[in-house]
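The structure under discussion appears below in the form of structure tokens.
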Amino acid sequence: RSKVLLDIQQEYEGSIVSYPRKMPIAIKKAKGSIIEDVDGNLFIDFFSGCGVLNVGHCNDFVLEYVRNQQSELIHALDFPTENKMLLIQKILDHLPKDIRRDYKVSFGGPTGSDAVEAAIKLAKIKTGRDGIIAFTGGYHGMTSGALAVTSDTYFRNNITSLMPNVHFAPFSYPYRSVSDKDNEIDYFKNILTNSHSGIPKPAAILVEPIQGEGGNIVPEDGYLEELVRIARDNDVLVIFDEIQSGFFRTGSFLEFMNTKAVPDIITFSKGFGGIGFPISGLIYRREIEAWGPAAHIGTFRANQVSIAASRGALEFIEKYNVQEYTKKIGEYFIKKLYRLQEDFDFIGDVRGRGMMIGVEIVKDVLTKEPFPEFVTIFRDECFKRGLLFEVGGHYNNVIRFVPPLITTTKIVDAAIEILEEAITICTK
Ligand code: PMP
């Protein structure tokens with residue numbers, strides 16, 4: 001049955017389709033961390049709809065919020081509703097106490113890319129400047145502005161009219177950097193402070209505090225703090241893209257709260273939609289408010305069901321202390337992966353925070369030569385045994401785990417067993 005649906009898709013849906021090419025299933029239903037396909041096969045979902053299903057597929061606690069909301073109000077444009085004001089309040093309440101009064105929340109269109117567009121626009125309006133400094137390996141979306149700040153040229157080839165004045169600085173990549181973070185910081189500092197850099201003063205820097213699609217890369221300690229300090233010293237705004245790292249994925253509400261770096265603008269989406277409802281927006285400092293009234297509009301901003309799902313998910317996370325659980329289960333999982341690394345020469349690096357974990361595959365642990373061909377075969381073997389994950393990274397050689405935060409130890413153990421079996425097959 002899966003095959004029939006995949007064939008129909010191949011024939012009639014635009015060939016832009018991406019994920020089913022790597023994980024060829026037709027999904028029937030899903031609960032928690034488990035997906036069932038139309039043939040009754042079960043899969044462990046460590047992909048989570050690309051880092052969205054933080055509280056698990058079809059979470060019953062959240063569904064209750066959804067059901068109640070959908071019979072009352074679904075579409076309300078940007079009119080105030082109690083539902084929406086409660087979510088704004090909740091988002092602000094989850095920020096650190098000493099800064100929460102300094103921020104506002106605004107909602108964008110339904111996708112992460114919408115939030116990125118809004119953030120860039122706000123920074124430009126506020127500063128009256130045009131440029132953005134983005135980072136190598138960064139992913140921010142597929143709309144014109146968001147694509148312009150996404151580094152992977154695969155997505156940009158032949159598209160010549162992207163937003164101009166974007167420059168890429170190297171992201172801190174502890175596994176591959178030739179020295180500590182100083183090289184990356186020097187490069188960045190040079191752009192902002194050297195009058196011979198050839199790059200006019202930008203409006204903002206835009207950075208993922210942990211790179212997601214770039215390979216779940218946690219930058220070196222102190223790197224983000226240095227970026228923020230240098231940007232502030234030079235009157236440049238700081239945008240953190242927390243679309244993937246946010247909503248407790250890394251064991252804190254937002255990843256910046258695990259650091260001492262405090263951004264001016266934060267983009268959010270993905271997990272904020274509770275159980276997969278579309279939502280996105282900005283959390284930004286009051287003092288940079290620069291929108292004229294109705295200067296940034298859109299029909300599908302903050303759908304009321306998405307908002308209710310978001311509130312439900314936050315309520316669920318608080319009630320069951322999912323934040324602490326994420327840290328524990330993340331540690332449990334990563335320790336098992338470290339153990340695999342000891343026995344398996346191709347694993348160059350295991351890294352991550354909370355339930356955002358990357359495993360980098362290399363031909364040789366000494367040369368660190370990327371081994372994407374192996375990852376493709378390995379992913380297929382895991383898929384056959386019922387484990388789903390995404391592959392990403394600067395060299396397409398990183399296994400990216402972003403499981404639901406509520407994943408049990410039993411499911412982690414089952415996933416590890418599949419990984420071990422696949423390793424045995426692939427190294428025969
Ligand atoms: N920013 C980051 C960090 C992301 O991971 C993504 C999606 N992978 C986006 C932006 C774009 O979000 P969307 O696909 O919803 O447009």
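The values are calculated or read from the model by the stated rules, or taken from the named source; none is laboratory data. All figures in this text were calculated on a predicted structure; none of them were measured in a lab. Note: ideal-geometry Cβ built from the backbone for every residue, glycine included; neighbour counts use all protein chains shown.
Structure values in brief
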{"item": "Region 104-118, subset part of a helix (DSSP H, G or I) and touching a helix residue (DSSP H, G or I) at 6+ places or on another chain (Cβ under 6 Å), residue farthest from the ligand (Cβ to nearest atom)", "result": "GLU117"}
{"item": "Flag for ARG351 being touching a Gly at 6+ places or on another chain (Cβ under 9 Å), assigned by TED's automatic domain parsing to the domain that holds PHE268 and buried (at least 17 other Cβ atoms within 10 Å of the Cβ)", "result": "no"}
{"item": "All helices (runs of 4 or more DSSP H) inside region 1-96 with 2 or more residues being over 23 Å from the mean Cα position of the chain (by Cα)", "result": "2-12, 60-70, 82-93"}
{"item": "Test set (1) outside any loop (DSSP other than H, G, I, E, B); (2) surrounded by 15 or more Cβ atoms within 10 Å (Cβ to Cβ) - ARG101 fails condition number", "result": "(2)"}
{"item": "Odd one out for GLU213, checked against (1) away from the ligand (no atom under 16 Å from the Cβ); (2) under 27 Å from LYS368 (Cβ atoms); (3) charged (D, E, K, R)", "result": "(1)"}
{"item": "Failed item in (1) away from the ligand (no atom under 12 Å from the Cβ); (2) of a type in the set (Val, Ile, Thr); (3) crowded, with 23+ Cβ neighbours inside 10 Å, with ILE88 passing the rest", "result": "(3)"}
{"item": "Unmet criterion (only one of (1) under 30 Å from GLU318 (Cβ atoms); (2) within 16 Å of the ligand (Cβ to nearest atom)) for LYS121", "result": "(1)"}
{"item": "Residue selected from region 257-284 under the condition farther than 16 Å from VAL116 by Cα and surrounded by fewer than 24 Cβ atoms within 10 Å (Cβ to Cβ), by the criterion farthest from the ligand (Cβ to nearest atom)", "result": "LYS260"}
{"item": "Residues (charged (D, E, K, R) and touching a Lys or Arg at 6+ places or on another chain (Cβ under 8 Å)) located in region 335-381", "result": "GLU360, LYS368, GLU369, ARG379"}
{"item": "Some residue of region 160-167 being in contact with a Gly (Cβ under 6 Å, 6 or more places away or on another chain) and at pLDDT below 95", "result": "yes"}
{"item": "Any hit, region 224-237, residues being assigned to a loop (DSSP other than H, G, I, E, B), out of contact with any strand residue (DSSP E or B) (no Cβ under 8 Å at 6 or more places or on another chain) and within 16 Å of the ligand (Cβ to nearest atom)", "result": "no"}
{"item": "Strands (runs of 3 or more DSSP E) completely within region 248-358 that count 2 or more residues being without any contact (Cβ under 8 Å) to a residue 24 or more places away in the chain and over 19 Å from LYS31 (Cα atoms)", "result": "347-353"}
{"item": "Inter-residue pairs, beta-carbon under 7 Å, first on the phi > 0 side of the Ramachandran plot and in region 115-137, second within 16 Å of the ligand (Cβ to nearest atom), 6+ apart", "result": "GLY137/SER151; GLY137/PHE171; GLY137/GLN211; GLY137/GLY214; GLY137/GLY215; GLY137/ILE217; GLY137/HIS394"}
{"item": "Test for ILE361: is it farther than 25 Å from ASN54 by Cα, without any contact (Cβ under 8 Å) to a residue 60 or more places away in the chain and surrounded by 20 or more Cβ atoms within 10 Å (Cβ to Cβ)", "result": "yes"}
